[in-house]
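Below: one structure, written as structure tokens.
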Amino acid sequence: MKPHNSYGPPLGAVLLDMDGVITDTARAHADAWKEMFDEFLQQYGKARKQAFEPFDARRDYLQYVDGKPRHDGVIDFLATRGIELPYGTEDDGPRQPTVCGLANRKNRLFNHWLQQNRVRTFPGTLKLLRDLRRRDIPVAVFSASRNAARVLENAGVYDLFDTLVDGSDLARLDLPGKPAPAILHEAAQRLGVKSARTAVIEDAVAGVEAGTAGAFGLVIGVARGDHADALGAAGAHLVINDLSEIRIGPDCRVILKTLDNLPSAQDRKKEIRRLFSGRTPAVFLDYDGTLTPIVADHTKALLDDTMRAAVATLAEHCPVAVVSGRDLAMLRRLVGVDSLYYAGSHGFEIAGPEGQVTSMERGVEYLPLLDEVEQELRRKLAEIAGHSVERKRFSVAVHYRQVAQDRVEDLKTIVEGVLEEYPQLLGGRGKKVLEILPGLDWNKGEAVLWLLEHLQLDRPHVLPVYIGDDITDEHAFRALAESGLTIVVRGEDQRPTAADYAVADTGEVRRLLAWLPGILGESPVSGEAEDDPR
């Protein structure tokens, strides 16, 4: 019998796309495509007295060029603008108005970025690779890019894979690019495993289509942006936000981690104690739903004295930070422990004990836009009873826990409509709350990494610990997937999660925090190791 939330066959091999799955280079590629296309489109339009419509680095990138060989991406995008260019030759200069010339221009821009930057990898992917290695499941990486080997070497992960099939192989073997499955079949053949027993992991629609067309046993779509529906429509058997949301079961099947199937931290204290052996913790705590129960009126979520005492005592033994969507000033008043570090507004404002950390603010330039959005929401939501618009310094939150069920969709439609009027801002969601935030690549996970770096805690002897309950905490769970211990507070829904363990409620959080000081500095635990669920 297949275990709960199990997908696909017992795995004989796994094939991973590179950009967006292993390496965090999608933004660099999108920016290079945009610079190249915008320059070309401006010149093309000017010569024909046509209006300039820029390349959209999110929508156009995902829909027309992501995951494809460069030349195919040039052709497919230009076709949407009714532009057809001569194909040219591979050695065309980067200023030549040909398909090859534009492709070479994009390649030059990306290689310049590669020379100036260190490629980041996704912690959840590294964690999955460790899981696969432990179970002796071979792994291949595939990419339409001819720069794949350089990117993997730059990121320091080239040696983690059994084989690589890239754009150079496609050209040498005269194989069609994605959405044709040829590159995937070549990778599976090199590993000596049949397609039916192989999983394909992709973040691009074209790659998911290739996995489906190739009859692979499991096709997983990684939706790091807002294209989860498109990946599902392309044929993905499972769509996730990050590879830290899955693990490999004892039968070598993929298991989706959800709030209801995570092991209990209370039941696995022996495992957790072992993780602390020889390491100093740095503890990060969400506020609402973690230190205090969720309440109907968010203004009445007050910290009780026993929880405050547990947090204060723990802070005497190790660094402790509270990371919350509430703004910084309110958060410090609610918690009331001077020895803590605080990250408010989902990490857009950070401060700590005086003299111990430099304060940080991000997104100040977005404050006037947030002022406008706040007024728009208050006006347009006035007729919906039970809602609450909360203005935080770096976001606007719309709470709907007390809104009648038959009006919730109306509220969401209004908020989404307002957000469409302000493309510079981003939407977020939590438990019965919608938020509008600055359009920056910043979240609780980035805030935690910033604190670890600036407190010089990003060291092997430090174990980062994060406890949270909300969707916004998933960013932190993903950021610490490879290096930390992450614990989620179970809630009303059974959503996927990147956390390692779970606790039932805030009472168990308090007991866990009170337990931690007693085990710090203990000698390693003897006895046989338990199966690691992470």
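Okay, residues lined up against (1) crowded, with 21+ Cβ neighbours inside 10 Å; (2) modelled with pLDDT under 95; (3) within 22 Å of residue 301 (Cβ to Cβ); (4) in the same structural domain as residue 129 (by TED's automatic domain parsing):
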site: 427; (1), (2), (3), (4): no, yes, no, no
site: 430; (1), (2), (3), (4): no, yes, yes, no
site: 473; (1), (2), (3), (4): yes, no, yes, no
site: 484; (1), (2), (3), (4): yes, no, no, no
site: 491; (1), (2), (3), (4): no, yes, yes, no
site: 498; (1), (2), (3), (4): yes, no, no, no
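Taking the stretch 139-157 as the region of interest, how many residues are touching a helix residue (DSSP H, G or I) at 6+ places or on another chain (Cβ under 6 Å) and of a type in the set (A, V, I, L, M, F, W, C)?
Of the residues in the stretch 139-157, 5 are touching a helix residue (DSSP H, G or I) at 6+ places or on another chain (Cβ under 6 Å) and of a type in the set (A, V, I, L, M, F, W, C).
All but one of (1) surrounded by fewer than 19 Cβ atoms within 10 Å (Cβ to Cβ); (2) touching a helix residue (DSSP H, G or I) at 6+ places or on another chain (Cβ under 8 Å); (3) among the hydroxyl-bearing types (Ser, Thr, Tyr) hold for residue 98; which doesn't?
That leaves (2) as the condition not met.
Quick one: residue 448 ticks every box in (1) assigned by TED's automatic domain parsing to the domain that holds residue 327; (2) touching a Leu at 6+ places or on another chain (Cβ under 6 Å); (3) not charged (D, E, K, R) except a single one, so which number is it?
(2)
So how many residues does the stretch 21-31 have that are part of a helix (DSSP H, G or I) and either closer than 16 Å to residue 148 by Cα or without any contact (Cβ under 8 Å) to a residue 60 or more places away in the chain (or both)?
5
Can you tell me which of 229, 169, 203, 174 is within 17 Å of the chain's Cα centre (by Cα) and more than 20 Å from residue 125 (Cβ to Cβ)?
Going through 229, 169, 203, 174 in turn, just one is within 17 Å of the chain's Cα centre (by Cα) and more than 20 Å from residue 125 (Cβ to Cβ): 229.
Each row is one residue, and each column tells you yes or no for (1) farther than 30 Å from residue 37 by Cβ; (2) assigned by TED's automatic domain parsing to the domain that holds residue 14; (3) in a loop (DSSP other than H, G, I, E, B).
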{"site": "131", "(1), (2), (3)": "yes, yes, no"}
{"site": "179", "(1), (2), (3)": "no, yes, yes"}
{"site": "201", "(1), (2), (3)": "no, yes, no"}
{"site": "215", "(1), (2), (3)": "yes, yes, yes"}
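Select from the stretch 300-348 the residues that are in a helix (DSSP H, G or I), in contact with a Phe, Trp or Tyr (Cβ under 8 Å, 6 or more places away or on another chain) and under 14 Å from residue 395 (Cβ atoms) and list them in ascending order.
328, 331, 345, 346, 347, listed by residue number.
Hey, could you check the stretch 64-89 for residues that are in contact (Cβ under 8 Å) with a residue 12 or more places away in the chain and surrounded by fewer than 17 Cβ atoms within 10 Å (Cβ to Cβ) and say which is nearest to the chain's Cα centre (by Cα)?
Of everything passing the filter in the stretch 64-89, 76 is nearest to the chain's Cα centre (by Cα).
It is to be established whether one or more residues within the stretch 303-315 are surrounded by fewer than 21 Cβ atoms within 10 Å (Cβ to Cβ), under 30 Å from residue 59 (Cβ atoms) and at pLDDT 95 or above.
no
Does the stretch 133-151 hold any residues that are within 18 Å of residue 32 (Cβ to Cβ) and either among the hydroxyl-bearing types (Ser, Thr, Tyr) or under 22 Å from the mean Cα position of the chain (by Cα) (or both), and which are they?
Result: 143, 145, 148, 151.
Can you go through 229, 260 and tell me which one is among the charged types (D, E, K, R) and in a helix (DSSP H, G or I)?
229
How many of the residues in the stretch 3-59 are within 29 Å of residue 191 (Cα to Cα) and of a type in the set (A, V, I, L, M, F, W, C)?
9
For residues that are surrounded by fewer than 18 Cβ atoms within 10 Å (Cβ to Cβ) and within 20 Å of residue 504 (Cβ to Cβ), scanning just the stretch 269-299, find the one that is modelled with the lowest pLDDT.
295
Please work out which residue is modelled with the highest pLDDT, limiting yourself to the stretch 349-383 and to residues that are among the small types (Gly, Ala, Ser) and either closer than 15 Å to residue 417 by Cβ or assigned to a loop (DSSP other than H, G, I, E, B) (or both).
382
Among the numbered conditions (1) in contact with a Gly (Cβ under 7 Å, 6 or more places away or on another chain); (2) within 19 Å of residue 451 (Cβ to Cβ), tell me where residue 402 comes up short.
(2)
The values are calculated or read from the model by the stated rules, or taken from the named source; none is laboratory data. Quick caveat: nothing in here was measured; it's all calculated off a predicted structure. Here the Cβ is made from the backbone with ideal geometry for all residues, glycine too, and neighbour counts use every protein chain on show.
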